[in-house]
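Step one of this worksheet: look at the structure below.
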Amino acid sequence: MKIAQISPLYEAVPPKLYGGTERVVAHLADALTHAGHDVTLFASADAVTAARLAPMRDQAIRLDPAPLKSDLAAHLAMLDEVRQRADEFDILHFHIDLLHFPFFQDMPWRTLTTLHGRLDLKDLPAAYAAWPQFPLASISDHQRRPLPSANWAGTVHHGLPADLYDFSATPRGGYLAFLGRISPEKRVDRAIEIARRVGLPLKIAAKVDTVDRAYFHDEIEPLLHAPGVDYIGEISDAQKSEFLGGAVALLFPIDWPEPFGLVMIEAMACGTPVVAWNCGSVPEVLDDGITGTIVDDMDQAVQAVNTVARFDRGRIRSRFEQRFSASAMARRYVELYWRVLEQGGSRIRLTA
């Protein structure tokens, strides 16, 4: 199958540091290529991929040192290129929300759009109702709840290459870990409180977006001076095996409807259990009692740390391989591609 993967241009594919969507696109493009498909990746020129790269910008937007940039202009230029080359592909797989809808209204059934973010935003229902012909993929069933009547083709959970991270049979570092982004909804303050009450050190590997800098300085930075709290900053994929594998547990104390939570399966790949709040997709991703513990409050979280420390880390790794490998993700997407194309063929025949 000839497949176009259209990535956001905010981060490199895969990201050099933090980044979820572009990381998933990278793993998917590689897995599809290794499975024998002809894949073209539309992304920034600093992408590293097994697919054929169509460079759309000299480098990803976030780490571009240029002081003045237009993310809208960059993405519109990419869409123009994809539109001109559309006939080269059997299916166009978009990962840029709904930005492409006006440009591909005459061929919606040759497209699949994976939505990677939260969908409980005020303006989204009207927009998706305006373009109901585009088939959509969710990254969790829970993600769909704000848009139950949208044109959902299926749900595909994220996946990672099985050899990306090293398995650690024991938590050699003896600390708790927080990985991702510092923002009000990620609740690193909860992680700091859990670590204090449990009596274990906490290592925080996280980025701070510009929009969250005031929150970081006012609410979080004072907490980082507490004993046992080690703020590392952003880390790369190459650093995650040691960071996650050395942890007793990953803390995922979110306070928002998380669409997926990639860091949970990154921890599982290292054999590290997860203590996570019962929000969003968490109950879909975690096997409670096997790969982690799902909690509703701080007292439960503190108790859960002691519980998960005794979990079988080999079993956690096995469950990751069963449920969240990149090859499994690619197979599920190929099934969706064929379903979309078959439905499109039926519609064409019915309207001919």
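Within the range 232-274, take every residue that is more than 20 Å from P15 (Cβ to Cβ) and assigned to a strand (DSSP E or B) and give me the one that is most open to solvent (accessible area, probe 1.4 Å).
Only one residue tops the list, namely V248.
Give the residues of the range 297-325 that are outside any loop (DSSP other than H, G, I, E, B), touching a helix residue (DSSP H, G or I) at 6+ places or on another chain (Cβ under 8 Å) and open to solvent by less than 10 Å² (accessible area, probe 1.4 Å), sorted by residue number.
Within the range 297-325, A301, V305, I316, F320 meet the criteria.
State all residues of the range 333-347 that are surrounded by 15 or more Cβ atoms within 10 Å (Cβ to Cβ) and out of contact with any Asp or Glu (no Cβ under 8 Å at 6 or more places or on another chain); if no residue qualifies, say none.
Of all residues in the range 333-347, those surrounded by 15 or more Cβ atoms within 10 Å (Cβ to Cβ) come to 333-334, 336-337, 340-341, 344.
Correct list: Y333, V334, L336, V340, G344.
Could you please let me know if L160 is at negative phi and open to solvent by less than 30 Å² (accessible area, probe 1.4 Å)? Break it down stepwise before answering.
Working: at negative phi: yes; open to solvent by less than 30 Å² (accessible area, probe 1.4 Å): yes.
Answer is yes for this residue.
Those residues that are of a type in the set (S, T, Y), open to solvent by less than 40 Å² (accessible area, probe 1.4 Å) and over 22 Å from the mean Cα position of the chain (by Cα), I need them from the range 168-191; list them, please.
S168, Y175
Would you mind finding the one in A206, A214 that is over 23 Å from N306 (Cβ atoms) and free of Cβ contacts under 8 Å to residues at least 40 places away in the same chain?
From the options A206, A214, the qualifying one is A214.
With respect to A74, is the statement that it is open to solvent by less than 60 Å² (accessible area, probe 1.4 Å) and either without any contact (Cβ under 8 Å) to a residue 60 or more places away in the chain or among the basic types (K, R) (or both) true?
no
When you go through A137, A153, A129 one by one, which is the residue that is part of a helix (DSSP H, G or I) and of a type in the set (G, A, S)? Step through it out loud before you land on a result.
Values: A137 fails: part of a helix (DSSP H, G or I); A153 fails: part of a helix (DSSP H, G or I).
Checking each option against the conditions leaves just A129.
From the list D46, D97, which one is within 30 Å of R144 (Cβ to Cβ) and surrounded by 14 or more Cβ atoms within 10 Å (Cβ to Cβ)?
After applying the criteria, what remains is D97.
Given the residues A26, A43, A47, which is the only one that is within 20 Å of A74 (Cα to Cα), at pLDDT 95 or above and within 15 Å of the chain's Cα centre (by Cα)?
Every option except A26 fails the conditions.
Test I294 against the stated conditions and say whether it is in contact with a Phe, Trp or Tyr (Cβ under 8 Å, 6 or more places away or on another chain) and in a loop (DSSP other than H, G, I, E, B).
When the stated conditions are applied, I294 does not pass them.
The values are calculated or read from the model by the stated rules, or taken from the named source; none is laboratory data. These figures come from a predicted structure and were not determined experimentally. Cβ: placed from backbone, ideal geometry, glycine included. Neighbour counts: every protein chain shown. Accessible surface areas use protein heavy atoms only, side chains included; no ligands, DNA or RNA. Shrake-Rupley method; radii C 1.70, N 1.55, O 1.52, S 1.80 Å.
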